[in-house]
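Structure first, commentary second.
Just so it is clear, none of the values below were taken in a lab; they were calculated from the coordinates. Just so it is clear, the model here is predicted, and its values are computed rather than measured. When we count neighbours, we look across all protein chains shown, and the Cβ atoms used for this are built from the backbone with ideal geometry, even at glycine.
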Amino acid sequence: MIALIYKISHSSIRKYDTGKDFKGPGMKRINIFLSLILIACLLLILANAGRWLVIDQPPRRADVIIVLSGGPGRTQMGIDLYRLGYAPYLLFTTGDSSTEAEAVGRGVPAQAVILDERADSTYENALYSKALLERYGLRSALVVSSDYHMLRSKLTFLSVYKNTGTTFTFTSISDPRFDAGNWWWTSSGNVRHILREYCGIASLYLGMGPYVTDTMINRSRFLSFIFNS
């Protein structure tokens, strides 16, 4: 957006270029005007950066519910969706025996629980779950994660599952620690969520998804400098 504004403004200036330096009050006003536009664009981006991360689609029946671990309430929501009949299987990424025990304790049959205990990133969540879905012959999934994490989750899953024919619904749970509308001033935790998600999205588009783990992002010197300064 900013690049487009710059291009349009400079093409307009060239229309009036007489071969002489364009100086004086006119140019000063144009610079001020462009600066105000750039500031407005920056404020618009800051105001909506949190909201752009949030995706929450109404749940639909699927072959499996995939619960991405790491946030409060995700496991609970996955179990609730299973008990409401949205899928016959419940897959926990980065799950362990305690996760399975919690699900079974709340009425989920042990044979309906699938565990992925290897993943260390959103990319690996998608990659390893893909292998499990292929093993079980599952072609549709209801993905559960926190609201701030869902854009990255959606982009990652659609990338990893490209051309497989697998269909997805992305249903999120609100994280009480995250304020999408006021993220930049409410707490450093909100800023951490925002930066971590956009770092993850950037790594995906740069082709580094298979090599960048969430642990690496969390421990990066860049984020540590911001949160400790």
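Test of understanding: what is the full-extension gain from ASP120 to ALA101, defined as 0.36 nm times their sequence separation minus their Cα-Cα distance?
4.7 nm
Under 9 Å from the Cβ of THR94, count the other residues' Cβ atoms, weight Lys and Arg +1, Asp and Glu -1, and hand me the total.
Taking every other residue near THR94 into account, the sum is -4.
Assuming R0 = 45 Å, what is the FRET efficiency of ARG60 and ILE39, from their Cβ-Cβ distance, to the nearest 0.05?
After rounding to 0.05, the efficiency reads 0.60.
Roughly how big is the stretch 64-173's charge dipole about its Cα centre, with Cβ charges of +1 (Lys, Arg) and -1 (Asp, Glu), in debye to the nearest 20?
With only Lys, Arg, Asp and Glu charged at Cβ, the dipole is about 380 debye.
Please list, ordered by chain and number, the residues whose modelled amide H lies under 5 Å from the amide H of ILE65; skip anything fewer than 5 residues away on the same chain.
TYR89, LEU90, LEU91, LEU142
Kindly write out, for the stretch 80-96 in residue order, the coupling ³J(HN,Hα) from the Karplus curve 6.51 cos²θ - 1.76 cosθ + 1.60 (θ = phi - 60°), rounded to whole Hz, with x marking Gly and Pro.
In residue order, the calculated couplings are 4, 5, 4, 5, 7, x, 6, 6, x, 10, 10, 9, 9, 7, 6, x, 8 Hz.
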